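Student: Got a structure for you, written out below as structure tokens; questions coming shortly.
The values are calculated or read from the model by the stated rules, or taken from the named source; none is laboratory data. These numbers come from a predicted model, not from an experiment. Here the Cβ is made from the backbone with ideal geometry for all residues, glycine too, and neighbour counts use every protein chain on show.
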Amino acid sequence: MASLPDPGEFVGRGRCQHGTLRAEGEMDLTYDLAPPKAVGMVASLSSLGYSLPDAVADLVDNSVSAEATTIDVEFTWKGPDSWVAIVDDGLGMSEDSLVTAMTVAARWSATDRTRTDLGRYGVGLKSASFSQCRLLTVCTAQGDGRWVTRTWDLDIVEETGEWRLLRQPPADADTILDTLTHGRSRGTIVLWQRLRGYQRTSVSDTKTQQGFYEEIPKVSLHLGLVFARFVAGTSALALRVAGNAVQPWDPFLSLHASMRRLPEERLPLDGHLVRVKPYVLPGLQRLTAAEADEAGGPKGWLRQQGFYVYRRDRLILSGSWLALRGLRREEKYNLARIAIDIPAETDAEWQVDVRKATVVPPVPLRSHLTRIAKSARMEAAKTVRHRGRLSARQHSGDLQFAWKVDRPAGTVRCRINREHPLVQAVLQEGAAEPARVRALLRLLEETVPVSALRVIHEPDTADDPEPFGGPGKASKEATEVAQQTLDMLVAQGRSRTQALKVIRSMPPFDQLEGFWIN
């Protein structure tokens, strides 16, 4: 192979090679242009892990940024022609702005944004939409009733290998847009067609149709969590899904008389202040059944404890201890919830991801957040222990605990509750060999590994063991135990209705759901 010439030979000769200077007007050969291939970029943007509720939330961000006062999320089932649309009455866009909005990463995180802008990377509209559909149409007007439209048809992008942004939507999209724009003079409509997962179905496929409409409450619940401050706040945002108003979910029970606010702190970060507000929710004895169910939230009490991170009032992350050292989910901390408001200018320090769904606490704040969390967790644990003692006294007639715990002389003693219906049944069935049954119960009592559990004396140990896997959907094993308990209660003279009421208030079944007992 011939050796390369000295780059210096070509300086001033009208050529440029291997990093040398070039004459005016000549091509610079010090680099290669390597734009991403359209097909590969589409595949990447479509695979960022959006769920349908996450994707819709990303588009609602844009509507909020456009100062919309009404946002509608529409679902229409038509088999392979089914569609979803997000319709707002915001400021709308000019034609040039629409093209920019439809261009991948036309704006990046450092680009100047308005105070109300909830975006970050300039890919949300495209990545969220491509994750759910293969035909994306955006139609917008600024108040004069002149609607302009652009469409991404991923079939065309993949066939041509080019980013061909269509100026005219397909005929079926045009028909839908005519209906959605009727009577409107401004706003923006984002229309999803050729929905992923529905292209090989038919209009008469009732099972798939049911699955399609089952997404509606999931989307509504998610939007009520993410945009609660907008829906319930002074902005009075009207947010609807399939015609029904989205209900805001307040994770902190802010209006409840028994909710406790711990001291707020403002932590400096890169010239800005991060606001941290810890809350301890009321104990369950101070909540009605409906309030307790509502406060449990979409993920259940155990998974809703922890930090709630907001950015410009939009919820980014809910129910997480942010992987901070020594902080794990435990049932005794269910009442601890902490709001963090991060300035949008510190996105990079918090490593806010493209989907605005995860954050990583900055190193300078981790020790402070851990300290605040431990304080809130300790206060929550005190409330839970107090609530447990009250429950044992107030519900001794119906609420039967499997264990009785005493603390004589500073020690801990656990005894099996022989009044529990299942224990009574075992004792009765073992009447032929009562000594053996009593010996087994005594053995279990004397070998409880209290010292290993270390629950009472150390508030920040590893996770407490969760009966039947913890709160949430009941397992097969939990259902079997519940069925046996129900049978024993009925055999002891209670009506089925009374027995079911006892089971639904009996630990651990009071934290489980989805029982199918006969």
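Student: Of the residues Val274, Val280, Val231, Val219, which is touching a residue at least 40 places away in the same chain (Cβ under 8 Å) and assigned by TED's automatic domain parsing to the domain that holds Trp77? Give the steps one after another, and end with the answer.
Tutor: Values: Val274 fails: assigned by TED's automatic domain parsing to the domain that holds Trp77; Val280 fails: assigned by TED's automatic domain parsing to the domain that holds Trp77; Val231 fails: touching a residue at least 40 places away in the same chain (Cβ under 8 Å).
Matching residue, one of Val274, Val280, Val231, Val219: Val219.
Student: Return yes or no: is Glu294 surrounded by fewer than 18 Cβ atoms within 10 Å (Cβ to Cβ), in a helix (DSSP H, G or I) and either of a type in the set (Phe, Trp, Tyr) or outside the structural domain of Pro361 (by TED's automatic domain parsing) (or both)? First the steps, then the outcome.
Tutor: On the way: surrounded by fewer than 18 Cβ atoms within 10 Å (Cβ to Cβ): yes; in a helix (DSSP H, G or I): yes; either of a type in the set (Phe, Trp, Tyr) or outside the structural domain of Pro361 (by TED's automatic domain parsing) (or both): no.
In short, no.
Student: For the stretch 92-136, give me each residue that is within 20 Å of Thr70 (Cα to Cα) and at pLDDT below 55.
Tutor: Thr114, Arg115, Thr116, Asp117, Leu118, Gly119
Student: Based on what the data block shows, is Ala339 at pLDDT 90 or above, touching a His at 6+ places or on another chain (Cβ under 9 Å) and closer than 26 Å to Pro53 by Cα?
Tutor: Details: at pLDDT 90 or above: yes; touching a His at 6+ places or on another chain (Cβ under 9 Å): no; closer than 26 Å to Pro53 by Cα: yes.
Spelling it out, it is not the case that Ala339 is at pLDDT 90 or above, touching a His at 6+ places or on another chain (Cβ under 9 Å) and closer than 26 Å to Pro53 by Cα.
Student: Same structure again: I'd like the full set of residues that are of a type in the set (D, E, K, R) and closer than 16 Å to Pro80 by Cβ, limited to the stretch 204-219.
Tutor: We begin by selecting, within the stretch 204-219, every residue of a type in the set (D, E, K, R); these are 205, 207, 214-215, 218.
Hits for the stretch 204-219 are Asp205, Lys207.
Student: Can you report the number of residues in the stretch 328-342 which are crowded, with 21+ Cβ neighbours inside 10 Å and over 19 Å from Pro282 (Cα atoms)?
Tutor: 2
Okay, residues lined up against (1) in contact with a Leu (Cβ under 8 Å, 6 or more places away or on another chain); (2) part of a loop (DSSP other than H, G, I, E, B); (3) closer than 14 Å to Phe307 by Cα; (4) among the charged types (D, E, K, R):
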| position | (1), (2), (3), (4) |
| --- | --- |
| Arg329 | yes, yes, yes, yes |
| Thr346 | yes, no, no, no |
| Glu349 | yes, no, no, yes |
| Val352 | no, yes, no, no |
| Val359 | yes, yes, yes, no |
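Student: Residues to consider are Ala236, Ala245; find the one that is at pLDDT below 95, surrounded by fewer than 21 Cβ atoms within 10 Å (Cβ to Cβ) and of a type in the set (A, V, I, L, M, F, W, C). Lay out the reasoning, then the answer.
Tutor: Details: Ala245 fails: at pLDDT below 95.
Going through Ala236, Ala245 in turn, just one is at pLDDT below 95, surrounded by fewer than 21 Cβ atoms within 10 Å (Cβ to Cβ) and of a type in the set (A, V, I, L, M, F, W, C): Ala236.
Student: Another question, then. So which residues in the stretch 205-252 are over 30 Å from Val280 (Cβ atoms) and assigned to a loop (DSSP other than H, G, I, E, B), if there are any at all?
Tutor: Once the filter is applied, which keeps residues that are over 30 Å from Val280 (Cβ atoms) and assigned to a loop (DSSP other than H, G, I, E, B), the stretch 205-252 yields Asp205, Ala242, Gly243.
Student: Which of (1) of a type in the set (S, T, N, Q); (2) modelled with pLDDT under 70; (3) not in a loop (DSSP other than H, G, I, E, B) is the odd one out, the single condition Asn518 does not satisfy?
Tutor: Of (1) of a type in the set (S, T, N, Q); (2) modelled with pLDDT under 70; (3) not in a loop (DSSP other than H, G, I, E, B), only one is false for Asn518: (3).
Student: Quick one: what pairs do we get from the stretch 160-186, first residue within 13 Å of Thr149 (Cα to Cα), second in a helix (DSSP H, G or I), C-beta under 7 Å, 6+ apart or different chains?
Tutor: Close Cβ pairs (under 7 Å, with a partner that is in a helix (DSSP H, G or I)) amount to Leu165/Val99; Leu165/Met102; Pro169/Leu177.
Student: Does the stretch 176-191 hold any residues that are in a helix (DSSP H, G or I), β-branched (Val, Ile, Thr) and under 29 Å from Val39 (Cβ atoms), and which are they? Before you say what the answer is, go through the steps one by one.
Tutor: Initially, the stretch 176-191 is screened for residues in a helix (DSSP H, G or I), giving 176-181.
Retained after the next criterion (residues that are β-branched (Val, Ile, Thr)): 176, 179, 181.
Ile176 - this is the single residue of the stretch 176-191 that is in a helix (DSSP H, G or I), β-branched (Val, Ile, Thr) and under 29 Å from Val39 (Cβ atoms).
Student: Taking the residues in the stretch 148-166 that are part of a helix (DSSP H, G or I) and of a type outside the set (D, E, K, R) as candidates, determine which candidate is surrounded by the fewest Cβ atoms within 10 Å (Cβ to Cβ). Even if it seems obvious, please write down each step before you answer.
Tutor: Kept after step one, since they are part of a helix (DSSP H, G or I), are these residues of the stretch 148-166: 154-160.
Next, only the ones that are of a type outside the set (D, E, K, R) stay: 154, 156-157, 160.
Working: Leu154: 20, Ile156: 16, Val157: 19, Thr160: 11.
Among them, the one singled out is Thr160.
Rundown of residues vs (1) in the same structural domain as Ser131 (by TED's automatic domain parsing); (2) in contact with a helix residue (DSSP H, G or I) (Cβ under 7 Å, 6 or more places away or on another chain); (3) touching a residue at least 60 places away in the same chain (Cβ under 8 Å); (4) of a type outside the set (Lys, Arg), yes/no style:
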site	(1), (2), (3), (4)
Ser47	yes, no, yes, yes
Asp61	yes, yes, yes, yes
Val64	yes, yes, yes, yes
Val84	yes, no, yes, yes
Ser94	yes, no, no, yes
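Residues are listed down the side, and each one gets a yes or a no for (1) at pLDDT 80 or above; (2) of a type outside the set (Phe, Trp, Tyr):
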{"site": "Ala452", "(1), (2)": "no, yes"}
{"site": "Glu458", "(1), (2)": "no, yes"}
{"site": "Phe468", "(1), (2)": "no, no"}
{"site": "Ala478", "(1), (2)": "no, yes"}
{"site": "Ser495", "(1), (2)": "yes, yes"}
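Student: Looking at the stretch 491-518, I want the residues that are of a type in the set (A, V, I, L, M) and have a partner that is part of a loop (DSSP other than H, G, I, E, B) and at pLDDT 70 or above with Cβ atoms under 6 Å, at least 6 apart or on another chain. Which pairs are those?
Tutor: If the second residue must be part of a loop (DSSP other than H, G, I, E, B) and at pLDDT 70 or above, the pairs left are Leu512/Ala474.
Student: While we're on this one: Given the conditions (1) outside any loop (DSSP other than H, G, I, E, B); (2) in contact with a Ser or Thr (Cβ under 8 Å, 6 or more places away or on another chain), report the number of the one that Pro169 does not fulfil.
Tutor: (1)
Student: Which ones in the stretch 184-230 are under 30 Å from Asp341 (Cα atoms) and out of contact with any helix residue (DSSP H, G or I) (no Cβ under 8 Å at 6 or more places or on another chain)?
Tutor: Gly187, Ile216, Pro217, Ser220, Leu225, Ala228, Arg229
Student: For the stretch 68-77, which positions are surrounded by fewer than 16 Cβ atoms within 10 Å (Cβ to Cβ) and part of a strand (DSSP E or B)? Quick ask: steps written out before the conclusion?
Tutor: Narrowing the stretch 68-77 to residues surrounded by fewer than 16 Cβ atoms within 10 Å (Cβ to Cβ): 69-70, 76.
Residues satisfying the conditions are Thr70, Thr76.
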